[in-house]
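The values are calculated or read from the model by the stated rules, or taken from the named source; none is laboratory data. These numbers were taken from a predicted model, which means no experiment stands behind them. Cβ atoms come from the backbone with ideal geometry, glycine included; neighbour counts cover every protein chain shown. Calculation scope for accessible area: heavy atoms of the full protein, side chains included, ligands and nucleic acids excluded. Shrake-Rupley method; radii C 1.70, N 1.55, O 1.52, S 1.80 Å.
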Amino acid sequence: CMDVGKDLVAASATPLVLGILAEGDSYGYAIIKRVTELSGGQLQWTDGMLYPVLHRLERHGFITSKWVSSETGRQRKYYRITKSGRAQLVEERRRWQVVDDALRNIWLKPRIV
């Protein structure tokens with residue numbers, strides 16, 4: 001598993017979580033699994049990385065949460081993206097597109113030797 005670096009993981013956490021919740025409501029463990037899946041196994045998040053992000057997004061009003069009982073009676077906290085969370089996701093996408101375009105322009109530019 002490649003070391004992506006703490007700064008990049010932290011910066012990408014908000015758009016990743018909001019993007020995953022835009023697909024549908026989810027809970028902690030499922031979000032962690034989806035991040036691994038989306039990154040082809042390159043990003044391995046832990047509870048310690050995810051929950052502070054979820055709490056921050058909830059404080060900002062980008063997501064809401066509610067406890068749901070499973071068939072076994074076990075309580076699980078589900079997270080849902082809000083209208084302002086969807087607006088934030090659009091903004092995050094625009095920001096990352098700017099960075100992606102700049103990197104592609106420098107990395108994919110033909111070299112003159």
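When Lys and Arg each count +1 and Asp and Glu each count -1, what net charge do the other residues less than 12 Å away from Y51, Cβ to Cβ, add up to? Kindly include the intermediate steps, with their values, before the conclusion.
On the way: positive: R56, K77; negative: D47, E58.
Counting the neighbours of Y51, the net charge comes to 0.
What angle do you read, to the nearest 10 degrees and between 0 and 90, between the alpha-carbon axis of helix 6-23 and the longest principal axis of the chain?
The angle comes out at about 60 degrees.
So how tilted is helix 28-38 from the main axis of the chain? Cα-based, degrees 0 to 90, rounded to 10.
On a 0 to 90 degree scale, this one is about 30.
Suppose the chain between V99 and S70 were pulled fully straight at 0.36 nm per residue; how much longer would it get relative to their current alpha carbon spacing?
Working: separation 29, 0.36 × 29 = 10.44 nm, distance 4.12 nm.
Here the answer is 6.3 nm.
How big is the convex hull of the Cα atoms of the chain, per residue, in Å³?
Numbers: hull volume 14.3 nm³, N = 113.
Convex hull of Cα atoms, per residue: 127 Å³.
Just by accessible area at a 1.4 angstrom probe, what is the order of H55, H60 from largest to smallest?
Numbers: H55 85, H60 115 Å².
Putting H55, H60 in descending order of accessible area: H60, H55.
Helix-derived [θ] at 222 nm for the chain: sum -39500 (n - 2.57) over DSSP H runs of at least 4, divide by residue count, nearest 500? Walk me through the intermediate numbers first.
Working: 4 runs with 67 residues, N = 113.
That comes out to -20000 deg cm²/dmol.
Find how much the distance from Y51 to V9 grows on full extension, using 0.36 nm per residue of separation minus their present alpha carbon separation; answer in nm with one decimal. It would help to have the intermediate numbers written out before the result.
Working: separation 42, 0.36 × 42 = 15.12 nm, distance 1.38 nm.
Length gained, Y51 through V9: 13.7 nm.
Please calculate how many Å² of accessible area the chain carries per residue, with a 1.4 Å probe and no DNA, RNA or ligand atoms counted. Mind showing how you got there, number by number?
Numbers: 7980 Å² over 113 residues.
Each residue of the chain exposes 71 Å² on average to a 1.4 Å probe.
Can you sort L89, L21 by solvent-accessible area, 1.4 Å probe, largest first?
Working: L89 40, L21 0 Å².
Of L89, L21, the descending order of accessible area is L89, L21.
Only four residue types carry charge here, +1 at the Cβ of Lys and Arg and -1 at the Cβ of Asp and Glu. Report the dipole size of the chain about the Cα centre in Debye, rounded to the nearest 20.
Here the size comes out at about 220 debye.
What do you reckon, how do K83, K77 stack up by accessible area (1.4 Å probe), largest on top? Provide the component values of the computation, followed by the final result.
On the way: K83 185, K77 55 Å².
Descending accessible area places them as K83, K77.
With everything on Cα atoms, drop me the angle between helix 83-107 and the longest principal axis of the chain, reported from 0 to 90° to the nearest 10.
Tilt of helix 83-107: around 20 degrees.
State, in angstrom, two size descriptors of the stretch 1-42 derived from its alpha carbons: Rg to one decimal place and Dmax to the nearest whole number.
For the stretch 1-42, the Cα-based Rg and Dmax read 10.4, 29 Å.
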